[in-house]
Amino acid sequence: MIEKIRRKLIRSFQLKREGMSKLTGKLCPKIQAKLDNEGFKSSDCVSIYAGNDLFEVECRHQRFAVNLSKRTCGCRKWDLTCFLYQHAISAILFDGSVPEDYVHPYYTIETYMKAYEPIIYPVASMEQWRRTSIDPLEPPKDKIQRGRPKIKRKRYPSEPKNPYKLSKAGTIIKCSECKKVGHNSRTCPSKKDKGTVSTNAKKTLTTNKKQAAGGARATAASDVDSGAGGSRTVASSAVDSRAGGSRAVAASSTGVRTSTAPLTISGGGANSERVVVQTLEKAIQRM
């Protein structure tokens, strides 16, 4: 690739030298055309000589001070670019001089030719190079860096993270809940307040459910304890009153109806009644 660039530069330098050698005049073609255009605009200016190469130029209801010896103008264009503009050209023409003489040497053909004057000498191919006893120059060895190698390239500070996604920078966001500008419905402050109230209500409901469940478990435990105690009481009473029970069975077998009051145990509940019935049945079977 370097050889291609070198050969291209040789050809380019030679074409520039040949093209500029055919030109006549003092300035380069583009500079001369620009100077002619500014000279045409200078027809709108009126110059007044004040002395010591000082001129007052009036152009379109504006006045500028031009100093030909110092090569300055009130518009500051001549000072900054070192190129003539309509105000300075008007003063030069009023003085009877040639505008090309006041142009900076940088814009001349002579300076342009000096830029392309150096010659890039031709180079023979590698087969014709002279052999030396010096060892060939090797490229530097690759040094493995510490840590995991980086795969992703370094991004520019102004480069977006996802170039395929349109940025929302500069867009105005309006909330659909409170109709205010600056946030959306997901981050709405009023929605957060409502969410806090509903969360407190949920916490209260959960606490009530837990308390109700604890009370139910306590009631069931007391029922089991009282049921066990009732069964022991009934069993002992059934053994003591075996004789009375046999008479009741005999009476029932002869067809005599006996009315007995329902047996209830306070505090026992349904479990206690079930235990009492089972105990009575066992006692009757033993008789």
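Neighbour counts of C-beta atoms inside 10 Å place 83, 55 in the sequence 83, 55, starting with the fewest. Label point of residue 111 set 7 angstrom out along Cα-Cβ; within the range 85-100, amide nitrogens under 19 Å from it belong to 85-86, 88-89, 98-100.
Label the range 27-107 by shape, choosing from rounded, prolate and oblate, from the square roots a ≥ b ≥ c of the eigenvalues of the Cα gyration tensor; if a/c is under 1.5 it is rounded, and otherwise prolate applies when a/b is larger than b/c, oblate when it is not. Verdict is prolate for the range 27-107. For the range 1-110, applying the loop criterion from DSSP together with a ceiling of 12 other beta carbons within 10 Å to the trypsin sites (Lys or Arg not before Pro) yields 22, 60, 70, 76.
Quick one: of 34/114; 8/30; 34/70; 4/26; 4/161; 141/161, which pairs are farther than 29 Å apart, Cα to Cα?
In this structure, 4/26; 4/161; 141/161 lie more than 29 Å apart at Cα.
Read-outs: derived from the displayed coordinates by stated rules, not from any lab. Since the model is a prediction, treat every value here as computed from it, not as a measurement. Reconstructed Cβ throughout: ideal geometry from the backbone, glycine too, with neighbour counts over all protein chains shown.
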